[in-house]
Amino acid sequence: MATGVQTIPKIFVTRMRFDDIPAVMALDRECFATPWSENAYQTELSNQCAEYYVAWSGGDLVGYAGIWFIIDEVHVTTLGVAARSRGQKIGERLLMRLLDAAKEHEAQRMTLEVRKSNRVARSLYAKYGFRDAAIRKAYYSDNNEDAVVMWVDDIWSPAYTELISAREAALRLLEEPRPAE
């Protein structure tokens, strides 16, 4: 009898490399109306104030994410998940990697912009303590949609550390194989 507990696929998150760019660009075109250019990714991979990651499952690229380090802040520049892999916690696991990188660089806070209409992404970020802080009017050039600016103000606070520990534990439980009943 099935337990009804969701399990998620094994993924491997690694630093993005130059030879990942073609696969990332194909996924970027699937995820976003205004994808980045090859030159943009090459520039970002050479940027010492940026880190980009890719998520692999079964030899397939299933997601990617990037951040910029700006003094004591981290700005999430992009996060995309393959349509066929959505709902499998890949975006969440990539976001966790970005949070780890922020702490590795001793950042104090994180920020990002997200389409006002992207309820799934906004919900994910809220689950990780990001709060709405501002609106950037007509931010997206493809349709002039507003962006919601979201922030986490203190990633070192005891309350935030506790939140992240709980989220990590929940993800680990979903990754563990379940015995048949």
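Observations on the structure shown:
- When the stretch 79-118 is filtered for residues that are basic (Lys, Arg) and in contact (Cβ under 8 Å) with a residue 60 or more places away in the chain, the ones remaining, listed by number, are Lys89, Arg93, Arg97.
- Just one of the listed residues (Tyr41, Tyr64) is at pLDDT 95 or above, within 22 Å of Asp142 (Cα to Cα) and part of a helix (DSSP H, G or I), namely Tyr41.
- Failed item in (1) open to solvent by 50 Å² or more (accessible area, probe 1.4 Å); (2) under 20 Å from Tyr52 (Cα atoms), with Gln88 passing the rest: (2)
- In the stretch 58-78, residue surrounded by the most Cβ atoms within 10 Å (Cβ to Cβ) [restricted to those that are out of contact with any helix residue (DSSP H, G or I) (no Cβ under 7 Å at 6 or more places or on another chain) and in contact (Cβ under 8 Å) with a residue 40 or more places away in the chain]: Thr78
- Qualifying residue in the stretch 148-171 (condition: of a type in the set (Asp, Glu), touching a strand residue (DSSP E or B) at 6+ places or on another chain (Cβ under 7 Å) and more than 24 Å from Ile11 (Cβ to Cβ)): yes
- The requirement of being closer than 27 Å to Asp146 by Cα and among the β-branched types (Val, Ile, Thr) is fulfilled nowhere in the stretch 7-22; no residue meets it.
The values are calculated or read from the model by the stated rules, or taken from the named source; none is laboratory data. Treat the numbers as computed from the prediction; the structure is a model and nothing was measured. Positions of Cβ are backbone-derived with ideal geometry, glycine not excepted, and every protein chain shown enters the neighbour counts. Accessible surface is based on the protein model in full, side chains and every heavy atom, while ligands, DNA and RNA are left aside. Shrake-Rupley method; radii C 1.70, N 1.55, O 1.52, S 1.80 Å.
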